[in-house]
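Working notes, beginning with the structure itself.
We did not get these values from a lab; they are worked out from the coordinates using the rules stated. Here the structure is a predicted model, which means the values were calculated and not measured. So basically every Cβ, Gly included, is an ideal-geometry build from the backbone, and we count neighbours across all protein chains shown.
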Amino acid sequence: MRSFTVTTLVENTAGRWRNTLGEWGLAILIDTPEGSILWDTGQGNALLPNAEALQVDLNRVSKVALSHGHYDHTGGLYSLLKSIGGREVYAGEGLFSSHCLKEREGFSFIGVPFSQLELEEAGARFHFSSEPLQLLPGVWMSGKIPRQSSFEPPEPQFYLNTPQGMQPDLLLDDRALFLETSNGLAVVLGCAHSGFINTLEYIASFTGVREIFAVVGGTHLMAADENRIERTLEALKKYKVQQIGVSHCTGFKAAMALAQEYGSRFFVNQAGTVLNW
């Protein structure tokens, strides 16, 4: 087991940390004794300024891992590569799919805002996988996450623009990280588009570890109704989570329910938050 320092560089909100910026998106730096991994890159406006404000040298990033191919998690990759040079980039298969959002006025493209070629020319060396990958000792990226729970259905607002027309987007490139810490298993989410509980169950099944010490990141419960939130809280109990820090797409209603359930074990994982596990 290892010790990790987990620093949130980009999130919707910035707390008391001077000169940090809030941005709709997420980026989390994970420092280990063997190297550092940047998990997502936000939209691209806050990553570099927040790293400077928090006195984080991004040159120490050895690898980048992307939770899924939406702009608010991948938009900062180009400027990051231009700043620190080429890096290995890990993601799920389908990262560059034509992810779209159905809105009142039609469909909007919300995928990676740069082509694969543009990013490769900037120094990205992509590795795509549908299977779990160990990125560094004690740091794993999940494979494709099965959708099993009955209360976490695919989200109807997401579509793929295909040659056959608009098709429902199951976001099969959605991934999570999990860390083997000295305190126990910790999970770092991007948006959990595959489902919060589906993600935890997948990781518990893969590792054989049924108790999860900590969870941080986006849980994508912002549109969840009371029934789904209640069922999520009930399902969470079996993992005996000791720390839960929500970000980005969790939503106020779900965050309040989690805060009430977990009390002092709950926190809002804002830009500038530093965790030592």
Quick one: length gained pulling T162 to E121 fully straight, 0.36 nm per residue minus the C-alpha distance?
12.2 nm
Rank the residues L185, L119 as a footprinting-exposure proxy: fewest other Cβ atoms within 10 Å of their Cβ go first.
L119, L185
Is it possible to state the helix-based mean residue ellipticity at 222 nm for the chain, with each DSSP H run of 4+ residues giving -39500 (n - 2.57), the sum divided by total residues, to the nearest 500 deg cm²/dmol? What is it?
-6000 deg cm²/dmol
Can you tell me which of V209, V112, V187 moves the most in a GNM of the chain? Springs connect C-alpha atoms under 10 Å apart.
V209
Site W24, offset 7 angstrom along Cα→Cβ, radius 16 Å on amide nitrogen, limited to the range 49-89, gives 70-76
Please report, in debye to the nearest 20, how large the charge dipole of the chain is about its Cα centre when each Lys and Arg carries +1 at its beta carbon and each Asp and Glu carries -1 there.
580
With charges set only on the Cβ (+1 for Lys and Arg, -1 for Asp and Glu), what does the dipole of the range 1-140 come to about its Cα centre, in debye to the nearest 20?
280
Per the range 91-130, sqrt(5λ) over the Cα gyration tensor eigenvalues, sorted largest first, in Å, gives 25, 13, 5
Give a residue-ordered list of calculated ³J(HN,Hα) values for the range 67-78 (Karplus: 6.51 cos²θ - 1.76 cosθ + 1.60, θ = phi - 60°; whole Hz; x for Gly, Pro).
6, 5, x, 9, 4, 7, 10, 10, x, x, 5, 5
Using 0.36 nm per residue, how much length does the chain from S3 to S205 gain when fully extended, once their Cα-Cα distance is taken away?
70.4 nm
Dipole-positive endmost among G263, G245, W277 within the range 229-277 (Cβ charges, Cα centre):
W277
I want to verify a result. In a Gaussian network model of the chain, Cα cutoff 10 Å, which of these has the top mean-square fluctuation: S264, S247, S79?
S264
Write down the percent of antiparallel bridges among all DSSP beta bridges whose residues are both part of the chain, to the nearest 5.
60
Please list 3J(HN,Hα) in residue order for the range 189-199, calculated via the Karplus relation 6.51 cos²θ - 1.76 cosθ + 1.60 where θ = phi - 60°; whole Hz, with x for glycine and proline.
8, x, 10, 6, 4, 6, x, 4, 6, 4, 5
In whole Hz and in residue order, list the ³J(HN,Hα) couplings for the range 102-110 that follow from phi through the Karplus curve 6.51 cos²θ - 1.76 cosθ + 1.60, θ = phi - 60°; x for Gly and Pro.
7, 10, 4, 8, x, 9, 10, 6, 10
For the range 112-242, with only Lys/Arg (+1) and Asp/Glu (-1) charged at the beta-carbon, what is the dipole magnitude about the Cα centre, in debye rounded to 20?
440
Answer with a single label: of (1) 17.4, 51; (2) 20.5, 78; (3) 20.8, 68, which was calculated as Rg and Dmax of the Cα atoms in Å from the structure in view?
(1)
Stretched fully, the stretch from F252 through E230 gains (0.36 nm per residue minus C-alpha distance, one decimal, in nm) 6.5 nm
